[in-house]
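The values are calculated or read from the model by the stated rules, or taken from the named source; none is laboratory data. This one's a predicted model, so the numbers in the text were calculated from it and none came from an experiment. We place every Cβ from the backbone using ideal geometry, glycine too, and count neighbours over all the protein chains shown.
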Amino acid sequence: MTHTDTVNLLRAAPKTVRLVLGRVLELPKMPVLPHLLPDIMLTCNKEELGFSLSGGHDSLHQVVYISDINPRSVAAVEGNLQLLDIIHCVNGVSTQSMTLEEAKRVLDMSLPAVVLKATRDGQPVVPSSRKYAVSSPQSAKANGHHTSEPCGKPALTPNNSFSKVNGEEIIEILCPEEKHSTYQMKGLTNLILSKGSFPNQSSSFSTCPNYSGTLKTNGKLAEEKAEDTDCDGSPLPNFTESTRMNGCEEYCEEKVKTERLIQNSQERRTDGDEMTWESDESPIETTNHEDSHKGHPFLTNEELAALPIVKVLPSGKYTGPNLKSVIRMLRGLLEQGIPSKELENLQELKPLDQCLIGQTKENRKKNRYKNILPYDATRVPLGDEGGYINASFIKMPVGKEEFVYIACQGPLPTTVGDFWQMIWEQKSTVIAMMTQEVEGEKIKCQRYWPNVLGRTTMVSNRLQLALVKMQLLKGFVVRAMTLEDIQTGEVRHISHLNFTAWPDHDTPSQPDDLLTFISYMRHMHSSGPIITHCSAGIGRSGTLICIDVVLGLISQDLEFDISDLVRCMRLQRHGMVQTQDQYIFCYQVILYVLTRLQAEEEEKEQPQPLK
């Protein structure tokens with residue numbers, strides 16, 4: 001529970017409150033974030049990995065952990081994993097919301113090479129040898145942070161006792177009596193593993209200056225957070241006065257229960273239009289998806305590497321001396337801190353309208369954040385009656401073309417049906433998800449897709465969704481799905497691209513994965529607006545759109561102005577490219593792309609050795 005949530009709870013409590021108090025003897029230490037954990041690589045040929053899993057999202061302890069390791073197996077010989085180690089990620093996919101069966105299935109599809117992230121007694125499990133690390137030159141760091149340092153948390157054992165608040169356990173621990181199933185891992189899989197990335201990668205992005213200072217807010221310096229949400233960074237709400245929403249007056253009643261508590265309770269039940277993907281659903285086991293696969297051609301490693309990040313016209317604005325001039329200009333802007341000043345000016349942009357539709361009583365519960373609403377003029381209407389969803393059209397002119405996106409919030413348990421209705425009505429084929437379901441122990445987005453191959457589920461009274469196959473790539477996951485109107489029999493193919501390499505409260509340390517993600521997104525797009533969302537649908541989503549549009553302008557040999565582009569976006573949805581770090585990141589990524597173009601151009605100009 002955040003500080004804001006705690007204050008909200010106290011303000012909503014009756015006059016007489018019973019508190020259980022304690023004294024903090026030392027400052028609490030931050031837990032290890034899953035994306036900062038080092039990689040543990042296990043490879044097997046014909047032999048088994050040889051460890052058993054227990055737990056799962058729907059178990060008492062709500063984590064996936066190792067309950068047994070077979071002697072002389074690959075896992076035992078490798079020696080990094082031990083009993084009761086908690087598994088946080090399998091090949092980049094978080095296990096936080098997985099049942100035991102789903103975790104086993106993901107492992108099965110990952111063979112023969114499995115990359116795990118794990119903790120032991122609250123501390124990272126660090127590979128004993130560099131040869132087991134995926135990125136050995138930088139295995140000691142993840143996103144610029146050292147991962148080998150211990151967290152300093154005391155060891156947790158089944159005999160530990162924990163405090164209670166209002167009669168509820170704060171922390172649950174693994175129980176040795178918990179039943180488990182031994183998982184024997186053999187065989188092949190149709191899961192495609194790849195390390196697709198921008199060709200001729202270099203570390204030049206790390207040399208780009210990181211000009212992230214402070215912004216002035218209402219005349220005061222305020223350190224910006226790079227998290228795509230307004231929850232923890234905003235001032236506490238004043239219940240005696242109406243708060244501001246997108247610059248508009250807001251008249252929402254405060255909810256006593258926090259959103260996280262609401263979602264946790266709703267994830268465990270399915271009624272009405274709420275959608276969950278729990279283990280009690282009966283998966284339709286299919287081994288032959290030939291017909292479905294025809295509409296979902298995944299790229300091979302070679303095809304992925306050959307995807308162009310940007311196309312440049314010969315002798316155009318982005319070649320030769322002209323290219324050097326643009327690079328020099330961007331570097332100068334960054335060195336002078338111009339992007340920070342541009343964003344400060346953009347904060348004064350007046351709202352397009354009063355966001356009245358999102359403020360109505362029946363629509364308030366459909367908003368993830370009470371002060372992030374779509375403008376009435378640019379919102380996406382649902383059905384013939386113009387129903388409400390927190391989503392906005394973003395239309396960006398790119399030469400004679402128009403890049404059309406829909407930026408929306410991460411679906412809530414009660415808006416999953418609306419989300420898929422929007423995708424069907426807008427004839428969209430690509431979803432770009434820029435967040436993970438849970439980050440920093442906070443729910444960022446309700447899972448709105450089935451996570452088991454072959455599973456189908458009804459997402460509305462007439463739309464049926466099925467997961468056909470998955471592709472795990474470096475930094476993101478691609479899910480191929482079919483969406484069917486059961487009344488007409490029409491089937492559409494949907495590509496779900498989930499970018500997983502965006503660190504919480506930060507921006508990516510390298511742009512290669514994001515650039516590959518954008519190239520893949522453009523390659524898969526065939527019709528309708530590109531649907532992009534994070535948690536609030538303004539920060540990371542806005543950053544993605546901004547970079548994609550600039551790359552489109554460069555490919556058409558047109559000039560670009562990031563400030564004008566963000567202004568255009570913010571006139572269609574409030575707060576697009578939310579933080580200073582994200583705004584500067586847009587500059588840095590484009591500078592990186594142009595610098596790579598210059599390096600490739602110079603390489604071609606060098607005389608070739610005689611054969």
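Among the residues of the range 38-66, how many are part of a strand (DSSP E or B), under 24 Å from GLU441 (Cβ atoms) and of a type outside the set (A, V, I, L, M, F, W, C)? Count: 3. MET470 falls short on exactly one of the conditions (1) at pLDDT 95 or above; (2) in a strand (DSSP E or B), and that condition is (1).
Residues considered: VAL478, VAL491, VAL430. Of these, the only one that is of a type in the set (A, V, I, L, M) and surrounded by fewer than 22 Cβ atoms within 10 Å (Cβ to Cβ) is VAL491. Considering only residues in the range 343-372 that are touching a strand residue (DSSP E or B) at 6+ places or on another chain (Cβ under 6 Å) and surrounded by 18 or more Cβ atoms within 10 Å (Cβ to Cβ), the one that is farthest from GLY575 (Cα to Cα) turns out to be CYS355. Selection of the range 304-342 for residues being hydrophobic (A, V, I, L, M, F, W, C), surrounded by 15 or more Cβ atoms within 10 Å (Cβ to Cβ) and assigned to a loop (DSSP other than H, G, I, E, B) yields LEU307, ILE309, VAL310, VAL312. Just one residue in the set VAL452, VAL404 is outside any loop (DSSP other than H, G, I, E, B) and assigned by TED's automatic domain parsing to the domain that holds ARG540; that residue is VAL404. Report whether or not LEU349 is under 32 Å from the mean Cα position of the chain (by Cα), in contact (Cβ under 8 Å) with a residue 40 or more places away in the chain and closer than 30 Å to TYR520 by Cβ. Considered against the rule, which asks whether it is under 32 Å from the mean Cα position of the chain (by Cα), in contact (Cβ under 8 Å) with a residue 40 or more places away in the chain and closer than 30 Å to TYR520 by Cβ, LEU349 comes out as no. Inspection of the range 416-432 identifies no residue that is under 28 Å from PRO508 (Cβ atoms), part of a loop (DSSP other than H, G, I, E, B) and at pLDDT below 95.
Scan GLY542, GLY489, GLY528, GLY537 and give me the residue that is over 26 Å from LEU107 (Cβ atoms), of a type in the set (Gly, Ala, Ser), within 17 Å of the chain's Cα centre (by Cα) and not in a helix (DSSP H, G or I). Residue meeting the stated conditions: GLY537.
Of the residues making up the range 59-72, just one is at pLDDT 80 or above and in contact with an Asp or Glu (Cβ under 6 Å, 6 or more places away or on another chain), namely ILE66. Of the residues making up the range 373-419, those that are among the polar types (S, T, N, Q) and loosely packed, with under 14 Cβ neighbours inside 10 Å number 0. Inspect the range 499-510 for any residue being under 26 Å from VAL459 (Cβ atoms), touching a strand residue (DSSP E or B) at 6+ places or on another chain (Cβ under 8 Å) and either part of a strand (DSSP E or B) or not charged (D, E, K, R) (or both) and give the result as yes or no. Checked against the condition, which is being under 26 Å from VAL459 (Cβ atoms), touching a strand residue (DSSP E or B) at 6+ places or on another chain (Cβ under 8 Å) and either part of a strand (DSSP E or B) or not charged (D, E, K, R) (or both), the range 499-510 yields at least one hit.
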